[in-house]
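Below you'll find the structure, written out as structure tokens, and then a few comments.
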Amino acid sequence: MRKGVDDLSTGNRKKVLVVDDSAFMRKLISDFLSGHPEIEVIGTARNGKEAVEKVQTLKPDVVTMDIEMPIMDGLEALKEIMASHPVPIVMLSSTTKIGAENTILAMEYGAVDFVAKPGGAISLNLHEVKEEILGKVIAASGVRLSTLTRKYTGRRLTQPISSKTVDKAVEIPTFFPNRSQLTNVSKYKIPKTGKTFVVIGTSTGGPRALQEVLTGLPASIGVPILVVQHMPPGFTKSLADRLDGLCDIQVKEAEDGELLEKGTAYIAPGGKHLKMIKKGLSYYVRLDAVDPPRAGHRPSVDVLLESAAEYGELNFLTVIMTGMGYDGKNGMEVLRRNGKTITIAESAKTSVVYGMPKAIKEAGFADKVVDLHDISESIIGIIKS
């Protein structure tokens, strides 16, 4: 028996259910997936109701799901599937404002990732994102379901969605890393003197991870927060707006030239690198759509960290969370060589995809490896004045 090809033919391929109300799109997506040696399309569904039923009967390893469908849309189907028969789901979304908002909700409800349709609901040019679809389906097949169905912790269980006030009923414990786990710093925590910035980098599984971390930070956090989340143009504004409505801190999509202010998280816009620049004694946002993508990413965590490394007078607390690949590793090497940083890597236990934080840990750059639900507490403890 030929090892590999025959192994795949005996049932080791990833079984995928394709859900879309368009027969054309179902056929096109199915053809893309079936052409991959590691994937088998085991069925299709025309709407969310059929999807829920076929997930129960066919037991796929991964589902691709359109958001906009009749009878039961993708969001409702996603919620029902994750509640009753959890399975990794990759959403296909339009880039309209409504489509982007629904996509962010889908990530919140437990979808692994999404692919933006380049041509709307019926994308004749879907071949442009064929490799992205294949890559994200393969990645989704390897995630642990516990990372998708985990409930949020702390005051997120009690705080109303519209609230921007601190819930004083829940105390956030202070965390201090061991001295032996810190490099480039002389104390257990970032010094009170000097200017401090938090940098967060994440990719696959990032929207839920960001919600978990940012909702755990009080409005009095006292530092600017710069965020790179791998996302295409048209979606980061919806992500920022959604998080802003959930968090005590302000969350916004970064704008070129704006002052970096304490208590605000700035999310890099899709399609643009986020950098820091200094004018006088203050620091500002610089957005760059000219520099090429790094390892396929713009925005790139590497680019932000390299920008941060230019300012040796600053203190950084850098957090690398769930995501495919190794974006952030090269930039972290530069920052740790030229600047001052404490680095947190998300643990393998809670990462949806243990790629980016694994690269940081294996390179020896992680001062602390922390479960997702403890990261906000770690941030507060390290920079607490």
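None of the figures in this text is laboratory data; all of them are computed from the coordinates on show. Computed from a predicted structure; not experimentally measured. Glycine gets a Cβ as well: all are built from the backbone with ideal geometry, and neighbour counts include every protein chain shown.
For Lys252 and Arg150, calculate 0.36 nm times their separation in residues minus their Cα-Cα distance, and state this gained length in nm to one decimal.
On the way: separation 102, 0.36 × 102 = 36.72 nm, distance 2.56 nm.
Extra length from Lys252 to Arg150 when fully extended: 34.2 nm.
By the beta-carbon count within 10 Å of each Cβ, the least crowded to most crowded order of Leu281, Leu105, Leu335, Leu210, fewest first, is Leu281, Leu105, Leu210, Leu335. Per-residue Cβ neighbour counts within 10 Å put Val227, Val290, Val334 in the sequence Val290, Val334, Val227, beginning with the fewest.
Between the stretch 341-370 and the stretch 284-333, the alpha-carbon centres lie 15 Å apart.
Using the Cα coordinates of the stretch 14-148, the gyration tensor eigenvalues translate into equivalent-ellipsoid semi-axes of 18, 17, 14 Å, sorted from longest to shortest. About its Cα centre, the dipole of the stretch 206-305 is roughly 200 debye, where the only charges are +1 on Lys and Arg Cβ and -1 on Asp and Glu Cβ. Here the Karplus curve 6.51 cos²θ - 1.76 cosθ + 1.60, taken at θ = phi - 60°, turns the phi angles of the stretch 206-220 into couplings of x, x, 5, 5, 5, 4, 4, 7, 5, 5, x, 9, x, 4, 8 Hz, with x standing for Gly and Pro.
When the chain is fully extended, how far beyond the present Cα-Cα distance does Glu261 get from Ala295, taking 0.36 nm per residue of separation?
Working: separation 34, 0.36 × 34 = 12.24 nm, distance 2.99 nm.
Extra length from Glu261 to Ala295 when fully extended: 9.3 nm.
Evaluating 6.51 cos²θ - 1.76 cosθ + 1.60 at θ = phi - 60° for every residue in the stretch 40-49, the Karplus couplings come out as 10, 7, 9, x, 9, 9, 8, 7, x, 4 Hz, glycine and proline recorded as x. The GluC sites (Glu not before Pro) of the stretch 240-318 meeting both criteria, a DSSP state outside H, G, I, E and B (loop) and at most 16 other C-beta atoms within 10 angstrom of the site's C-beta, are Glu255, Glu258, Glu261, Glu310, Glu313. The gain in end-to-end length when the Lys279 to Asn12 segment is fully stretched comes to 90.4 nm, 0.36 nm per residue minus the alpha carbon separation. Taking the Cα centre of the stretch 14-148 as origin, sum charge times position over the Cβ atoms of Lys and Arg (+1) and Asp and Glu (-1), and report the length of that vector in debye to the nearest 20. Roughly 220 debye for the stretch 14-148.
Which of the GluC sites (Glu not before Pro) across the stretch 17-106 are loop residues per DSSP, with 16 or fewer other Cβ within 10 Å?
Filter output for the stretch 17-106: Glu38.
Since only Ile42, Gly135, Met69 are under comparison, the one whose Cα sits farthest along the positive direction of the charge dipole of the stretch 14-148, derived from C-beta charges on Lys, Arg, Asp and Glu, is Ile42. The residues Thr341, Thr96, Thr103, Thr215, when put in order of fewest to most other Cβ atoms within 10 Å, stand as Thr96, Thr215, Thr341, Thr103.
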